[in-house]
Amino acid sequence: MREYKNLQKLLIILFFILSVVPLFLVTYLSYERSRNSLYKSITENLTQITRDKASAINNWIFERVSNAKVISKSPWIIEILKHPQTTYKSSELVSYLKLAKESYGCYDEIFILDVNGNFVIGSDKKEENKANKDYFISAVIGNPIVTDIRMSESTGKPTMFVSYPIEDKNGKIIGVLIERIKLDLISKIMEEIKVGKTGESYLLNKEGYFLTESKFAPKCILKEKVSTKGYENCIKNHQGVGEYIDYRSKPVLGSYLWIPEREWCLIVEQDVEEAFLQISRLRNTTIAICLTVVLLAVCVSLLISTRIVNILKRKDAKLDIQMKELLKVEKLSAAGKLAAGIAHEIGNPLAGIINCVKLIQTDQNKEGEKVDKYLNSISREAMRCNKTIRNFLNFTRESELKIGKVAINQIIEDTLLLITPQASAQNVIIDTKLDIIPEILADGIQLKQAFTNIILNSLSAMSGGGKLHIQTLEKNEYVEIIFSDTGTGIKEEYRNKIFEPFFTTMREGTGLGLSIVYNTVDKHNGNIEVESETNKGTKFTIRLPNKTGEI
């Protein structure tokens, strides 16, 4: 009797090993592989987002310094600093600073200080002395500076300053240009993140205080302090990714990057629960299936082993005592046959179980591929605002036209007011011949951007000086705007490519400027032509319909 029980236990164990163990092994390896793959994909995506945002912020701050450099070279500013008693250009200079402030859209104010820190002129009326301010002290000795984010004494809001020394033609510092920056665009850069519902990115200074708003902690800038493992690792190791508890005491998967130029810590995080939602579902489904298969395997093994043992018992009862030796032989033979029968009996169910696991695995891999495909696509739109981000967005995002009556000549004059200082600095003469033409229905802001891009393109082609002629006239059903320069011209093999995105022959620039021009003109149902001759110059002719109907 004991032998039968032992045999039954052995059969149950063998059946369990042959059916359940391979299933557990395949399931475990599949789960671990899926989890590791998903973890790698998520961490790579978070790391790439962190790098892209750091690049976007550095580029944005670099542009603010470049703006300060361009504005500081204005002949009007130099003239009024050298001759403070000169007032006949003051109103024009104030208009110029206000136009620069409004055009760039990221400044609270732009103002000029003399070498003693006294207010000279600005876009807003501020006359207090700034001689004791760090941004003045650095710039007045020739060192441009971008301050850390701080609370503004005048507005009580977070801000930062860019200061740039103003030099006369002999290189002598005669004043300082100050830009007080609004942080809206930095916050916008940090808010634009597509990592689920719990994904967020934020900046911390070296003391751990928030420099941008957090999704889960509003009004925290320079008030709330973070001391998470992500922040501590960022201070020590400067770059990395991993799981830790965030400032909300919730487990997150975070990527961190130190921005040495600013001594800022940039962190991108997502809740672990959301990040591993798909793998959690896979785990739960796999566990349920495994438990079901185990229960089924136990039931089947008990049934088969019991049946086998009962058969053996019945055979033993029928055998005569005199046939004991033969019975032993028969038992061995029966055992062999039964083993083959068992193999046959469990072969089909085991094959079905394995196929079922493979189907489940295949379905889950497809789901994983969908997740991978989705995560790999976000890494690739961001890895492209680096350096030209914002341009770029501007090029690809379809913005709606805001149509109204506009005066083309006025748009050109406003554009030249901003461009003239740079042209003067390059010894480029700009002359205009603006005929009296009717107002047209158009988007004035987009046309101004297009005209600015063409003029800047011409200035780039005349780095050693030259002449730019701008003409407007009414011709049949169109208004023509003509830009003719005496620059280096465009090689014949490049003329069919100049309006293609990212095509450029210049060392600097993104190659999006003329593409934006082309798209803007096209959206206004106009057309643009280019004529160019190497080393003689280039002529752009824009034709816009002067009909009063809808565009």
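Details
- Using a simple spin-label model with pseudo-atoms 7 Å out from Cα toward Cβ, C290 and K225 lie 4.6 nm apart.
- The value given for the stretch 231-314 is a Kirkwood hydrodynamic radius of 17.2 Å, derived from the mean inverse Cα-Cα separation.
- With only Cα atoms counted, the stretch 73-182 has Rg and Dmax values of 13.2, 39 Å.
- Pairwise alpha-carbon distances in the stretch 394-545 exceed 18 Å for 56% of all pairs.
- Per-residue ³J(HN,Hα) for the stretch 232-249, Karplus 6.51 cos²θ - 1.76 cosθ + 1.60, θ = phi - 60°, Hz, x for Gly and Pro: 4, 5, 5, 5, 7, 9, 6, 7, x, 8, x, 9, 6, 8, 8, 5, 8, 6
- Length gained when the stretch T155-I429 is fully extended (0.36 nm per residue, less Cα-Cα span): 94.5 nm
- Checking the Cα-Cα distances for K101/K206; K157/K448; K98/K539; K53/K402; K133/K182; K157/K206 against a 24 Å cut-off, the pairs over it are K101/K206; K157/K448; K98/K539; K53/K402.
- Between N170 and I311, the simple spin-label model (points 7 angstrom out along Cα→Cβ) gives 11.5 nm.
- Cα-based Rg of the stretch 38-94 normalised by 2.2 N^0.38 Å, two decimals: 2.12
- Ranked H83, H524, H469, H238, criterion: other C-beta atoms within 10 Å, fewest first: H83, H238, H469, H524
- In terms of packing, defined here as the mean over residues of other Cβ atoms within 10 angstrom, the peptides 479-491, 152-164 line up highest first as 479-491, 152-164.
- Whole-Hz couplings from phi, Karplus 6.51/-1.76/1.60, listed for the stretch 166-174; x for Gly and Pro: 9, 10, 7, 5, 8, x, 7, 6, 10
- Taking label points 7 Å from Cα along the Cα-to-Cβ direction, R248 and D124 give a separation of 3.4 nm.
- Long-range amide H partners of A131 with built H, under 5 Å: none
- You can think of it this way: the chain between A217 and I137 has 25.3 nm of extra reach, that is 0.36 nm per residue less the Cα-Cα gap.
- Volume per residue of the convex hull around the Cα atoms, evaluated for the stretch 193-275, comes out as 82 Å³.
- Volume per residue for the stretch 1-147 equals 194 cubic angstrom (convex hull of Cα atoms).
- Taking amide H atoms as placed 1.01 Å from N in the peptide plane, the amide H of L468 lies under 5 Å from those of I429, I430, D431, each 5 or more residues away in sequence or on another chain.
- The phi torsions of the stretch 459-465, fed into the Karplus equation with coefficients 6.51, -1.76 and 1.60 and a -60° offset, translate into couplings of 4, 5, 7, 10, 5, x, x Hz, rounded to whole numbers, with Gly and Pro shown as x.
Each reported figure results from applying straightforward, stated rules to the coordinates on display, with no laboratory input. What you see is a predicted model; the values in this text were computed from it and never measured. Because the Cβ atoms are built from the backbone with ideal geometry, glycine has one as well, and the counts that use them run over all protein chains shown.
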